[in-house]
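Step one of this worksheet: look at the structure below.
The values are calculated or read from the model by the stated rules, or taken from the named source; none is laboratory data. Because the structure is a prediction, the values reported are computed rather than measured. Cβ coordinates were reconstructed from backbone atoms using ideal geometry, including for glycine residues, and neighbour counts include every protein chain displayed. Just so you know, the surface numbers come from the protein's heavy atoms only, side chains and all, with ligands and any DNA or RNA stripped out. Shrake-Rupley method; radii C 1.70, N 1.55, O 1.52, S 1.80 Å.
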Amino acid sequence: ELREHQKDAVARISSGDNALLHHSVGAGKTFEIIAGAMKLKEYGLANKNMIVVPNPLVSQWAKDVKLLYPNAKLLVATKEQFEKEKRKRFLNKIATGDWDIVIVSESQFVRIPVAEERKLAKTEQVIDRIKEQLENEELRRRYSGKTKTITEKALQSVLKKKETKYKELQSKISKREDAIIPFEKLGIDHLFIDEAHLYKNKELETSMSNVAGISTTGSERAFDLEMKIDYLRELHGGDKGVVFATGTPISNSMAEMY
């Protein structure tokens with residue numbers, strides 16, 4: 001029997017909108033996610049749910065799903081199934097199966113690629129934002145009569161790296177042959193991210209530098225999740241399809257929230 005706050009959380013999830021479960025450790029977020037995912041499926045609001053969990057907890061999550069819903073159509077990713085020669089087959093299994101819940105570990109999740117075209121478009125957006133910041137910094141320098149600032153040099157360095165990455169993506173697309181199935185083709189329409197604080201430090205394009213708590217380097221893990229969330233926003237036509245769970249929603253760093 002779920003506790004009252006758990007029932008409230010399940011009701012919140014089953015509304016279909018994005019949600020953040022930020023109870024303290026031990027409050028029962030695991031059961032909330034599982035029950036919420038199954039309710040979404042029951043109400044016809046979800047086609048296929050994916051739950052992303054810390055690496056050591058995959059088997060425990062699978063046991064909890066079966067405890068609550070013995071007849072659930074559950075697919076669990078093992079370490080072996082994500083080996084290079086088997087990963088494509090497993091992703092095909094996700095795409096072609098009518099699963100209630102698919103459980104993958106955090107390290108496996110980042111190895112499920114988004115379409116290269118999405119990466120290209122996202123990288124182009126980042127480049128445009130960096131160029132805008134760089135132009136503003138250059139204007140401030142001209143008006144002040146100062147020499148090139150540390151921030152300006154840092155932005156130029158980041159811009160160069162992003163432009164190199166952009167060219168690499170263009171080359172990769174032109175040479176693509178039998179590519180692995182991207183995230184957008186798996187049929188996943190709802191994501192549940194356990195321990196969501198692990199995906200913090202999303203890249204910021206800012207003219208500020210050397211400020212404690214602000215990182216401009218960015219996390220590839222956060223960038224990958226952002227692109228997948230962008231896809232779900234497009235799919236649902238708004239902020240739907242994503243549930244975060246974490247006992248530490250506030251950290252001592254500044255970052256853009258999803």
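Some points to look at:
- The single condition from (1) loosely packed, with under 14 Cβ neighbours inside 10 Å; (2) among the acidic types (Asp, Glu); (3) under 19 Å from Leu2 (Cα atoms) that Glu80 fails is (3).
- The residue pairs whose first member lies in segment 57-78 and is basic (Lys, Arg), whose second member is assigned to a strand (DSSP E or B) and open to solvent by less than 90 Å² (accessible area, probe 1.4 Å), and whose beta carbons are closer than 8 Å, counting only pairs six or more residues apart or on different chains, are Lys66/Leu74; Lys73/Ile101.
- Test: residue in segment 11-30 that is in contact (Cβ under 8 Å) with a residue 40 or more places away in the chain, assigned to a loop (DSSP other than H, G, I, E, B), of a type in the set (Val, Ile, Thr) and within 27 Å of Ile180 (Cβ to Cβ): no
- Odd one out for Gly213, checked against (1) open to solvent by 40 Å² or more (accessible area, probe 1.4 Å); (2) modelled with pLDDT under 90; (3) in contact with a strand residue (DSSP E or B) (Cβ under 6 Å, 6 or more places away or on another chain): (1)
- Being at pLDDT 95 or above and farther than 21 Å from Leu225 by Cα is a description that applies to Lys39.
- Test result for Ile127, touching a Lys or Arg at 6+ places or on another chain (Cβ under 7 Å), more than 30 Å from Ala35 (Cβ to Cβ) and at pLDDT 85 or above: yes
- Qualifying positions in segment 1-57 - open to solvent by less than 20 Å² (accessible area, probe 1.4 Å) and of a type in the set (Asp, Glu): Glu32
- Residues of segment 107-151 classified as over 30 Å from Phe90 (Cβ atoms), assigned to a loop (DSSP other than H, G, I, E, B) and either of a type outside the set (Ser, Thr, Tyr) or open to solvent by less than 60 Å² (accessible area, probe 1.4 Å) (or both), total: 4
- Only listed residue being of a type outside the set (Ser, Thr, Tyr) and at pLDDT 85 or above, chosen from Met257, Met208, Met227: Met227
- Residue ID - modelled with the lowest pLDDT, chosen from residues in segment 190-205 that are part of a loop (DSSP other than H, G, I, E, B) and open to solvent by 20 Å² or more (accessible area, probe 1.4 Å): Glu205
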